[in-house]
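**Q** Dropping a structure here in structure tokens format, bear with me for questions.
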Amino acid sequence: MNSLLLAGGRVIDPANHFDATADVLIVDGKVAAIGLDAAAKAPAEIERMDVKGLVVCPGLIDLHVHLREPGQGAKETIATGTAAAARGGFTTVVCMPNTSPAIDNPGTVALIDELAAEHGVVNVLVAGAITKNIAGEELAPIGSLKKAGVVAITDDGHCVQNHELMRRALEYARMFDLPIMDHCQDYSLVTDGVMHEGYWSMALGLRGWPAAGEEMIVARNILLAELTGAHVHCQHLSTAGSVQLLREAKKRGLPVSGEACPHHFTLTDAAVAGSEKFWSADGKGVFGFDASSQERPCWPAYDTNLKMNPPLRSARDREAIMEGLADGTLEILCSDHAPHCDYEKEVEFDYAPFGLTGLETELALSLMQLYHTKRLGLADLIAKFTVAPARLLRLAKGTLSVGADADVTVLDPNRDWVFDKATSASKSSNSPFYGWPLKGKAVATIVAGNKAWIEQTELAGV
Ligand SMILES: [Zn+2]
């Protein structure tokens, strides 16, 4: 069943510096051969998929996803979240531990493994909590979590404020050879801010979330990485200052890394003032739109789908994130897929929860803002979704090396499509990108040789 020949595609495997037209032979869920002679090695009866004109790459990995189980199944489940991941081209996702209860003990990790084995259509890896109940007061049993199979620890959604506690967490993480990831937010600076602190927060009368509220913790993490020698990964970085801090720390050889999400390098805080304001200010030229474009996407002011944590920043911050991705300061792309129910988002901006869905749009937005604008080559962009997260999490994935798990994504970087609520697989619909004309799409997602998702119009019956 899980044997397949992908014939005639452009195979891009950044881990092996491979970029050429080739066949990919999958036998029994593993990559068996790659090259123009791969077809000759295939069993006669093997299923063949013609992928001429398409890109074949290692299955994409998203290391920052909220699947909401256990306890928040009204927002998303492992079934719906992994279905959305498959549609987006992702073969592996890492679920965040801020569930109910939090993933802060081996029992909850085992529960997720069970649910994922039964309902997941892509690989689900688990991030454990740094502190018990993500309360920031007492360390979680980090050794037991590692034994239970977590691939990293983070208090994502929250941030450990006590620096001494964070230092101990780093020391344990290092001892157990477990990556530690941090949602960087200084509570005393951010207080109850709901959007980026700047011109637009003033104009809209919303409480500000200053850039320094993120940078303070990025700087803290860099200092603690230097003190302990432990690697710290900074999650969803959103400000120019964070990128600069990370760039300088890396220059000094410190063990730090960072990730960026498409919403932060596509939109800005002006979007919270409504589409007219956005397209005539920071949005000018983004995806070829401006205030006079007929087909430009429209949305009202105070749209709560534009409320996320960290918030949309200024145009200067957006540019700095893209520069950081281009020069390698930020090595990983991810979604921070954060589903919420309609009734939770259909309230005043102040009261809405933070977050937007992203699994189904992150590849397109990244291709549009980074590849189609020539900021990043295709192989470099794919590396940020494959080999880079695999390296951070020490996964034997993110590559098409012979013998590797046959997790493969087939994508068309030039495909025009529109993100439609009716065809979305996520249980939630808190995305600001419905109705947007997008460019670039996964057309087949293959997990261990099995088709987790196929764009029916494209490859059916081949
Ligand atoms: Zn977060």
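The values are calculated or read from the model by the stated rules, or taken from the named source; none is laboratory data. Worth saying up front: this structure is predicted, and the values here are computed from it rather than measured. Positions of Cβ are backbone-derived with ideal geometry, glycine not excepted, and every protein chain shown enters the neighbour counts. What goes into the accessible areas is simple: the full protein's heavy atoms, side chains included, and nothing from ligands, DNA or RNA. Shrake-Rupley method; radii C 1.70, N 1.55, O 1.52, S 1.80 Å.
**Q** For Lys451, give me every one of the aspartates and glutamates with a C-alpha distance below 15 angstrom, ignoring sequence neighbours fewer than eight places off in its own chain.
**A** Asp28, Glu47, Asp50, Asp405, Asp407
**Q** Next up: Rounded, prolate or oblate: which one fits region 264-328, using the alpha carbon gyration tensor with axes a ≥ b ≥ c (rounded when a/c is under 1.5, else prolate when a/b beats b/c, else oblate)?
**A** It is oblate, given that a/c is not under 1.5 and a/b is not larger than b/c.
**Q** Could you grab the relative contact order for the chain? Cα pairs under 8 Å, six or more apart, rounded to a whole percent.
**A** Result for the chain is 20 percent.
**Q** Can you list the residues of region 113-136 with backbone N under 18 Å from a point 7 Å past the Cα of Asn2, pointing along Cα to Cβ?
**A** From region 113-136, the list is 113-126.
**Q** Specify the inter-centroid distance of region 33-92 and region 175-212, based on alpha-carbon positions, in whole Å.
**A** Each part reduced to its Cα centre gives a spacing of 33 Å.
**Q** Please give the per residue accessible area of the chain, computed with a probe of 1.4 Å over protein heavy atoms only, in Å².
**A** The answer is 37 Å² per residue.
**Q** Of all accessible surface on the chain at a 1.4 Å probe, what whole percent is carbon and sulfur?
**A** Carbon with sulfur: 51 percent of the solvent-accessible area.
**Q** Still on this structure, I have one more. Please enumerate, by chain and number, the lysines with C-alpha under 23 Å from the C-alpha of Lys146, excluding those fewer than 8 residues away in the same chain.
**A** Output for Lys146: Lys132, Lys397.
**Q** Between Ser280 and Ser144, what is the spin-label point distance in nm, taking each point 7 Å from the Cα along the Cα→C-beta axis?
**A** 5.9 nm
**Q** For region 1-129, what does the relative contact order come out to in percent, with C-alpha contacts under 8 Å and a separation of six or more?
**A** Relative contact order for region 1-129 comes out at 21 percent.
**Q** In addition: Which stretch or stretches of region 190-231 have amide N atoms under 18 Å from the point lying 7 Å from Met175's Cα along the Cα→Cβ direction?
**A** 225, 227-231
**Q** With θ taken as phi - 60° and the coefficients 6.51, -1.76 and 1.60, list the Karplus ³J(HN,Hα) couplings across region 432-440 in order, rounded to whole Hz; mark glycine and proline as x.
**A** x, 9, 4, x, 6, x, 10, 9, x
**Q** Which far-off residues, 5 or more places away or on another chain, put their amide H under 5 Å from the one on Gly258, with H placed in the peptide plane?
**A** Amide H neighbours of Gly258: Cys234, Glu331, Ile332.
**Q** Explain nothing, just the number: dipole magnitude of region 184-272 about its Cα centre with +1 on each Lys and Arg Cβ and -1 on each Asp and Glu Cβ, in debye rounded to the nearest 20.
**A** Roughly 280 debye for region 184-272.
**Q** For region 321-398, with the dipole built from +1 on Lys and Arg beta-carbon atoms and -1 on Asp and Glu ones, taken about the Cα centre, which of Thr357, Leu367, Val347 lies farthest toward the positive end?
**A** Of the candidates, Leu367 comes out farthest on the positive side.
**Q** Positive end of the dipole of region 40-116, charges at C-beta (+1 Lys, Arg; -1 Asp, Glu), about the Cα centre: which of Cys57, Pro101, Gly71 has its Cα farthest in that direction?
**A** Most positive-ward Cα: Cys57.
**Q** Here's something else I'd like to know. Once the piece of chain linking Arg394 and Glu346 is laid out straight, how much longer is it, given 0.36 nm per residue of separation minus the C-alpha distance between them?
**A** 13.3 nm
**Q** Using the Cα centre as the reference, give the magnitude of the dipole from point charges on the C-beta atoms of region 74-220 (Lys, Arg: +1; Asp, Glu: -1; all else neutral), rounded to the nearest 20 debye.
**A** Here the size comes out at about 200 debye.
**Q** Follow-up. What residues qualify as long-range amide H neighbours of Cys184, i.e. H under 5 Å apart, gap of 5 or more or another chain, H built at 1.01 Å from N?
**A** Amide H to amide H, under 5 Å and 5 or more residues apart or across chains, Cys184 pairs with Gln235.
**Q** Out of the trypsin sites (Lys or Arg not before Pro) in region 382-428, which ones are loop residues according to DSSP with at most 14 other C-beta atoms within 10 Å?
**A** Taking region 382-428 and a limit of 14 other Cβ atoms within 10 Å, the loop trypsin sites (Lys or Arg not before Pro) found are Arg394.
**Q** Just to be sure I understand the model, the point goes 7 Å from the Cα along the line to the Cβ. What's the resulting Phe354 to Ala74 distance in nm?
**A** Once both label points are built, they end up 2.2 nm from each other.
**Q** Separate question: In nm, give the distance between the simple-model label positions of Asn16 and Ala117, each being 7 Å from the Cα along the Cα-to-Cβ direction.
**A** 3.1 nm
**Q** Using +1 on the beta carbon of Lys and Arg, -1 on that of Asp and Glu, and nothing else charged, what's the dipole of region 67-120 about the Cα centre, debye to 20?
**A** In debye, rounded to 20, region 67-120 gives about 240.
**Q** Is the C-alpha gyration tensor of the chain telling us rounded, prolate or oblate? Criteria: a/c under 1.5 is rounded; beyond that, a/b larger than b/c is prolate, otherwise oblate.
**A** Here the chain falls in the oblate category.
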